[in-house]
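**Student:** Encoded as structure tokens, here's the structure I'll be asking about.
The values are calculated or read from the model by the stated rules, or taken from the named source; none is laboratory data. Please read all numbers here as calculations on a predicted model, not as lab measurements. Here the Cβ positions follow ideal geometry from the backbone for every residue, glycine too, while neighbour counts run over all protein chains shown.
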Amino acid sequence: MRFFRRSLVGLFLMALTVGLLAVGGHTIYSSLQERWAREGVTRTARERVFSVNVVALEPATITPVLTSFGEVRSRRTLDLRAPVGGTVVELSPDFQEGGTVRKGQLLARIDPADAQTAVDVSRTDLVEAEADLREARNALALAQDDLAAAQEQLALRARALQRQRDLKTRGVGTEATVETAELAEASAKQSVLSRRQAIQQAEARVSQTQTLIERRRINLTNAERLLADTEVFAAFDGRLSGVTATEGGLVANNEQLAELIDPDDLEVSFRVSTAQYARLLDGEGKLTVAPVTVTLDVLGTDLSFQGRLTRESAAVSEGTTGRLLFAELTDTGGLRPGDFVTVAIEEPALERVAVVPSAAVDAAGTVLVLDDEDRLENAEVTVLRRQGDDVLVRARGLQGREIVAERSQLLGAGIKVKPLRGDRAAPEEPEMVELDQDRRAKLIAFVEANTRIPDEVKTRMLARLAEPQVPADMIERLESRMGS
């Protein structure tokens, strides 16, 4: 009985398995028939259409802007050096790093004792020489009086000789008396000659004394100059940098004490390539006086200053290329010598050029232009300038035509596209953040305590922080320096 029951169960399972296999085989066969039927149907190929952004070529007169990086420097800088060696006995209260001084202000005084002694000695020597000159002139006057007396004596002797000769002629006088008169005249002539020699000696002494006086005056002037060199004065209004001198310190001759910088007379030096330099020349090959905009990034706050090109370096330094240019700044509030800034120079205006996205032009200088059927075709353009994400091109015969704004490898000549027309995306506004009172107070306190930020920049930053909403990049930079 049990065997019979198990045999029936086995037959049932076998029948069920065969039925399932039959159903599966039928399903597979039906699927194959359906697939074979689909493969037998011929489909018509459809052209793929790409959607692209397009811009129109509208030629206009555009002023290109050349961008470079430079360093701010002062046009008037003076090294304050010790003209003489000695001990620093006095320093101005403003003689410190960053101190503001005025023209003619006494900055430092070196011990003047030795220099004052030299002045006193030189002045005494000059007085002595002047006394010798007076004595020599008096001696000359006496010698001239002696000469006059000797000349009168000679004249008297000459008359006496003539009288004796007359007496001898009349037979009254004798030969002996005539000879005696002749001897007296000769003696008088010798006396006149001696007096003349004495006058020459007195005149020579006067000349020597005058020369000595001039020498003593030169020595006195030199000593007074050395005495004046013990005091260091400010040659112009400015600020001190690199201060090394201390009161009571010993300085050597020509040792640098500090550097005086004029913070209001600034310029920026920057380097451009030779090709860029050629675009800044006029028809005569001279550098144009082009407007310049200098931008300084201070903790998220951009400060802009205006200026103009003034000159170029006379030679190319060894190991460098291009040209070194200099621009004079008209507004210097907040700038300091040594600041690293961005320089934007306006080039001469270009006529009949168009501004297109840089992604619209390939390396070969071609663009994809739409025809009347919205199909693409290649066209050549001349790339004149590259400015950020844009390029300035000159395209002959393409005025008013539309080109693809962003090329890709899927696009090429003959491909049909769906043009998407519209204005280019406007530049994104900086993200603004609303601060709570505690966070705002911490940022304001950090800015106020920072001594490296110029006063003008600090005022602008505090005004920006006091507004209801503050730029996020400014907050990020401040907090990164706070260590938060």
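**Student:** Identify, please: which residue in the range 96-141 is part of a helix (DSSP H, G or I) and touching an Asp or Glu at 6+ places or on another chain (Cβ under 7 Å) and is, among those, nearest to VAL251 (Cα to Cα)?
**Tutor:** VAL119
**Student:** Starting from residues that are closer than 30 Å to ASP455 by Cα and acidic (Asp, Glu), keep the ones in the range 94-135 and report whichever is farthest from the chain's Cα centre (by Cα).
**Tutor:** Step by step, filter the range 94-135, then rank; the result is ASP94.
**Student:** On to the next question. Given the structure, is VAL391 in contact with a helix residue (DSSP H, G or I) (Cβ under 6 Å, 6 or more places away or on another chain), modelled with pLDDT under 80 and surrounded by 11 or more Cβ atoms within 10 Å (Cβ to Cβ)?
**Tutor:** No; evaluated as a whole, the condition is false for this residue.
**Student:** Something else now. What's the total number of residues in the range 455-484 that are within 15 Å of VAL298 (Cβ to Cβ), in contact with a helix residue (DSSP H, G or I) (Cβ under 6 Å, 6 or more places away or on another chain) and touching a residue at least 40 places away in the same chain (Cβ under 8 Å)?
**Tutor:** Residues flagged as within 15 Å of VAL298 (Cβ to Cβ), in contact with a helix residue (DSSP H, G or I) (Cβ under 6 Å, 6 or more places away or on another chain) and touching a residue at least 40 places away in the same chain (Cβ under 8 Å) within the range 455-484 amount to 2.
**Student:** Would you please name the residue that is nearest to VAL294 (Cα to Cα), looking only at residues in the range 313-334 that are among the charged types (D, E, K, R) and either crowded, with 18+ Cβ neighbours inside 10 Å or under 13 Å from the mean Cα position of the chain (by Cα) (or both)?
**Tutor:** Among them, the one singled out is GLU328.
**Student:** Can you name the residue in the range 53-73 that is among the polar types (S, T, N, Q) and within 30 Å of PRO348 (Cβ to Cβ) and is also surrounded by the most Cβ atoms within 10 Å (Cβ to Cβ) among such residues?
**Tutor:** Of everything passing the filter in the range 53-73, SER68 is surrounded by the most Cβ atoms within 10 Å (Cβ to Cβ).
**Student:** Please give the number of the condition GLU377 fails out of (1) over 19 Å from THR67 (Cα atoms); (2) at pLDDT 85 or above; (3) crowded, with 16+ Cβ neighbours inside 10 Å.
**Tutor:** Failing condition for GLU377: (3).
**Student:** Within the range 318-330, identify whether any single residue is out of contact with any Lys or Arg (no Cβ under 7 Å at 6 or more places or on another chain), under 24 Å from ASP79 (Cα atoms) and in contact (Cβ under 8 Å) with a residue 12 or more places away in the chain, and answer yes or no.
**Tutor:** Yes, the range 318-330 has at least one match.
**Student:** So, one more: Of the conditions (1) exposed (fewer than 15 other Cβ atoms within 10 Å of the Cβ); (2) outside the structural domain of VAL89 (by TED's automatic domain parsing); (3) of a type outside the set (S, T, N, Q), LEU280 fails just one. Which one is it?
**Tutor:** (1)
**Student:** Could you pull out the residue among ARG323, ARG308 that is of a type in the set (D, E, K, R), farther than 26 Å from GLY238 by Cβ and touching a strand residue (DSSP E or B) at 6+ places or on another chain (Cβ under 7 Å)?
**Tutor:** Selected residue: ARG323, the only one of ARG323, ARG308 that is of a type in the set (D, E, K, R), farther than 26 Å from GLY238 by Cβ and touching a strand residue (DSSP E or B) at 6+ places or on another chain (Cβ under 7 Å).
**Student:** Right, here's the next one. Which one of VAL294, VAL298 is of a type in the set (Val, Ile, Thr), over 14 Å from the mean Cα position of the chain (by Cα) and surrounded by 13 or more Cβ atoms within 10 Å (Cβ to Cβ)?
**Tutor:** Within the list VAL294, VAL298, the selection yields VAL298.
**Student:** In the range 147-175, what residues are closer than 21 Å to LEU193 by Cα and either among the basic types (Lys, Arg) or within 60 Å of the chain's Cα centre (by Cα) (or both)?
**Tutor:** Hits for the range 147-175 are ARG157, ARG159.
**Student:** Could you figure out which of (1) assigned to a loop (DSSP other than H, G, I, E, B); (2) of a type in the set (D, E, K, R); (3) more than 20 Å from ALA234 (Cα to Cα) isn't true of GLU247?
**Tutor:** (3)
**Student:** Determine which member of the set VAL243, VAL251 is closer than 30 Å to PHE446 by Cβ and either of a type in the set (Asp, Glu) or surrounded by 15 or more Cβ atoms within 10 Å (Cβ to Cβ) (or both).
**Tutor:** VAL243
**Student:** Any chance the range 163-171 includes a residue that's assigned to a helix (DSSP H, G or I) and either closer than 27 Å to ASN219 by Cα or small (Gly, Ala, Ser) (or both)?
**Tutor:** Within the range 163-171, not a single residue is assigned to a helix (DSSP H, G or I) and either closer than 27 Å to ASN219 by Cα or small (Gly, Ala, Ser) (or both).
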